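Computed from the coordinates by the stated procedures, all read-outs in this text should not be read as laboratory data. No experiment lies behind these values; they were computed from the predicted model shown. Note that each Cβ is placed from the backbone with ideal geometry, even for glycine, and that neighbours are counted across all protein chains shown.
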Amino acid sequence: MIEFRKETLQDTGSVFIVSESRGINLFVGIFLTMLSFLTLYYNHFDFNVGVEIYILYLFIVPGAYFIYKAIVKKQIMVINKYGFFYQGKLLTNWQNFITARYDQEEKTWTIQDNFVLFIEYFKPGFPKSFISKIPLTNTQDKSEEEIMAAIRFFVTNYKA
């Protein structure tokens, strides 16, 4: 079990931020881009136009996308004393928060992990609670356990 203390937060304002991992995205982007150029080079550009377009779509476009994600480094989740923010919007504050858990979703025809974070909370004016399902990707810079520890820390210290 991961212990989470105020000293482990990113700054003195008590903020836990989950972003895209620059290292992983940059590595994958450069690898795919290099693979496309090597494929074109070793075949001496003797392809017809259709095959070159397939190589462009298979390697260069995803490579450029991953490089872009590495440069931009977008914040996915922000957890602070005010609540849980997802994609820049407040999902819930700690007074309306009920529970959080993560689980692996079973998907057919895939070998990757499909972890999902479930946040249950109340919305003012609605009689029932809501559950938001947040995908936890393999390119995030924080693990599921770290996210859960941060949520526990903030719920314990800031829920009224």
(request) For every other residue with a beta carbon closer than 11 angstrom to the beta carbon of Ile131, add +1 if it is Lys or Arg and -1 if Asp or Glu, then tell me the sum. (result) +2
(message) Treating region 105-153 as a set of equal point scatterers at the Cα positions, no solvent, please give the Debye-formula log₁₀ I(q)/I(0) at q = 0.26 Å⁻¹.
(response) -1.04
(request) Filter the GluC sites (Glu not before Pro) in region 58-120 to those in DSSP coil with at most 14 other Cβ atoms within 10 Å of their Cβ, and list the result. (result) Glu105, Glu106
(request) Return the FRET efficiency for the residue pair Thr156, Val61: r is the Cβ-Cβ distance, R0 is 41 Å, and the value is rounded to the nearest 0.05. (result) 0.35
(message) Over the Cα atoms of region 61-160, what radius of gyration and what Dmax do you get, in Å?
(response) 15.4, 48
(request) Pairs to check: Lys74/Lys128; Lys73/Lys107; Lys123/Lys159. Give those whose C-alpha atoms are more than 21 Å from each other in this structure. (result) Lys74/Lys128; Lys73/Lys107
(request) Return the FRET efficiency for the residue pair Lys123, Phe27: r is the Cβ-Cβ distance, R0 is 35 Å, and the value is rounded to the nearest 0.05. (result) 0.30
